[in-house]
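Laboratory data are not the source of any read-out in this text; all were calculated from the coordinates shown. Note that the structure is predicted; figures quoted are calculated from it, not measured. When we count neighbours, we look across all protein chains shown, and the Cβ atoms used for this are built from the backbone with ideal geometry, even at glycine.
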Amino acid sequence: MWLCTECDITFNVSIPTPFILMLRPRSGEQQWVARQSYTLSPSVPVFEYTDTYGNLCQRLVAPVGKFCISTSADILTADGIDTAPGAPFDDVQYLPDDVLTYLLPSRYCESDKLLDLGQQIVTNVRPGYDQVTAIEQWIRENISYNTNSTHFQLSAVEVNQEREGVCRELAHLGIALCRGLCIPARMVVGFLHELQPMDFHAWFEAYVNGRWYTFDPTQPFPRGGRVTVAYGHDAADVAIFNQFGPALHPEEMRVRVTQLPGAPG
């Protein structure tokens, strides 16, 4: 399907403030970016670079006063997501070098502290894809997906204790449980068509049978219509903005995802 993704963010800046933004999707195996616009008001110099994970990052210094960021993109992405029940576990010694890093504990995904829970969840489940499906279903049934949760920036251990969280927290728990079973897992941030309420969204991918598969415990069934903006170990790697100076929160942030009737002309 063809999707148009749009984002408008407004800050009120008190002193000149360096920012790193991560708001520009790139074309890849799962999506094709046909058109993009990226507007800053007021206009300032921007330097773009690619980070360790292949994400497109924009560096700039926001001036004093109201600072607005507007992005828009037309993207071809899959209507559904690939599934592979029964796909086998990949032995660690045969994993690609660039995948190994996603086996390690990280700031928000303390996989070393959730080993026993992971083993309990997948008792008698075939190693590989089916284990990740069991983890996804366990989170869906035991952790409340609450978009109004007062809990913020929870790690996997913390969200397991609180038993609720937003999409990012549920992804952290899924990632940590997978890594504890020696299944590489990574965080994904982007857009999901028809998400309610509409906002940026987070899910996770697990590496089994030689490739990455999408898992999203916030949704009741596998859903396509996804646009990826960034990958990383956890939320610390995929923030849509980081500022370096006085703490800033957006005065306004609007996200829109609409389906286009066909390929842009």
Completion exercise
If one compares the long axis through the Cα atoms of helix 167-180 with the longest principal axis of the Cα atoms of the chain, the angle in degrees, nearest 10, works out at 40
Exercise for the section: With r as the distance between the Cβ atoms of ASN124 and MET253 and R0 = 41 Å, compute the FRET efficiency 1/(1 + (r/R0)^6) and round to 0.05. Expected result: 0.40
Completion exercise
To the nearest 10 degrees, the tilt of helix 129-142 (Cα long axis) against the first principal axis of the alpha carbons of the chain is 70
Handout entry: For region 210-223, 3J(HN,Hα) per residue [Karplus equation, 6.51 cos²θ - 1.76 cosθ + 1.60, θ = phi - 60°, Hz, x = Gly/Pro]
Key = x, 7, 8, 10, 8, 9, 9, x, 7, 10, x, 7, x, 10
Handout entry: Pairwise FRET efficiency - ARG35 versus PHE244, Cβ, R0 = 35 Å, nearest 0.05
Key = 0.65
Problem - Distant alpha-carbon pairs in the chain (separation over 32 angstrom), percent - result: 24
Problem - For the chain, calculated [θ]222 nm from helices alone, where every DSSP H run of n ≥ 4 adds -39500 (n - 2.57) - result: -5000 deg cm²/dmol
Fill in the blank from the handout: Per residue, the convex hull enclosing the alpha carbons of region 92-237 has a volume in Å³ of 104
Practice task
With a point put 7 Å past each Cα toward its Cβ, work out how far GLU48 is from GLU164 in nm, to one decimal.
Solution key: 4.0
Practice task
Please give, to one decimal in nm, the separation of the simple spin-label points placed at ALA78 and VAL61, each 7 Å out from Cα toward the Cβ.
Solution key: 4.4
Practice task
Report the label-to-label distance for ASN146 and LEU260 in nanometres (one decimal), using points 7 Å from each Cα along the Cα→Cβ vector.
Solution key: 3.9
Exercise for the section: Over all alpha-carbon pairs in region 44-177, figure out the percentage whose distance exceeds 24 Å. Expected result: 50
Handout entry: Percent of beta bridges antiparallel (DSSP, region 92-237, rounded to nearest 5)
Key = 90
Problem - Cα gyration tensor shape for region 197-265, rounded if a/c is under 1.5, else prolate or oblate - result: oblate
Completion exercise
Ranked from fewest to most other Cβ atoms within 10 Å of their own Cβ, PHE67, PHE47, PHE89 fall in the order PHE47, PHE89, PHE67
